[in-house]
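Below is one structure, written out as structure tokens, with a few remarks after it.
Derivation of every value follows stated rules applied to the coordinates shown; laboratory data play no part. Treat the numbers as computed from the prediction; the structure is a model and nothing was measured. All Cβ positions, even for glycine, are placed from backbone atoms using ideal geometry, and neighbour counts span all protein chains on display.
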Amino acid sequence: MASRDLFPEFRIRAMTQDDLDQVLEIEGQSFNSPWSENAFRHELQENFLATYLVFEDINSNLQPTIFAYGGYWLIRTDAHITNVAVSPNYRGLGAGKLVVEALLEHAKNRGANKATLEVRKTNTVAKKLYQALGFKIYGIRPNYYRDNNEDALIMYKSMENNH
């Protein structure tokens, strides 16, 4: 089943400063070394290479709820995915795939023809997702993660001939 079929009532839009409370909550639930509010503010206000998207559940009479977000830097024709995170309540439903596909499509529409990212060597779920989307392991960044000195796998995907 396609990811979008699981989330018929959602929208994707650019992340704003007003989203940071919800984004930081998901960030804290997702990572051992979460990004700080200042890091996100820097990305949104000062990093002209950065694009961040939020994914909102609008299937509610209440205010829309952010259930996932992701970001990338566009450096010439390279999209470097910096963040992908999904709220615990939405995990296992295809939301991560939805985020990565949207980031790749957005970057490709802006001229990217390849994408890279780093992932923890032990993050089996993320590695499987990225490999299913066509990413290949390209190299290793030793001791990349500061919280435990875990290696990062560098993954790469060409977007030349595929969507």
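Descriptive notes on the structure:
- Sorting Ile81, Ile12 by the number of Cβ atoms found within 10 Å of their own Cβ, with the fewest placed first, yields Ile12, Ile81.
- Per residue, the average separation of C-alpha pairs within less than 8 Å and at least 6 apart gives the chain a relative contact order of 18 percent.
- Listed by chain and number, the lysines whose C-alpha is less than 17 Å from the C-alpha of Lys121, apart from same-chain residues fewer than 8 away, are Lys136.
- Put a dot 7 Å past the Cα of Glu9, heading toward its Cβ, do the same for Arg41, and the two dots end up 3.5 nm apart.
- Dipole magnitude of the chain about its Cα centre (Cβ charges: Lys, Arg +1; Asp, Glu -1), debye to nearest 20: 760
- The gain in end-to-end length when the Asp18 to Asn123 segment is fully stretched comes to 34.8 nm, 0.36 nm per residue minus the alpha carbon separation.
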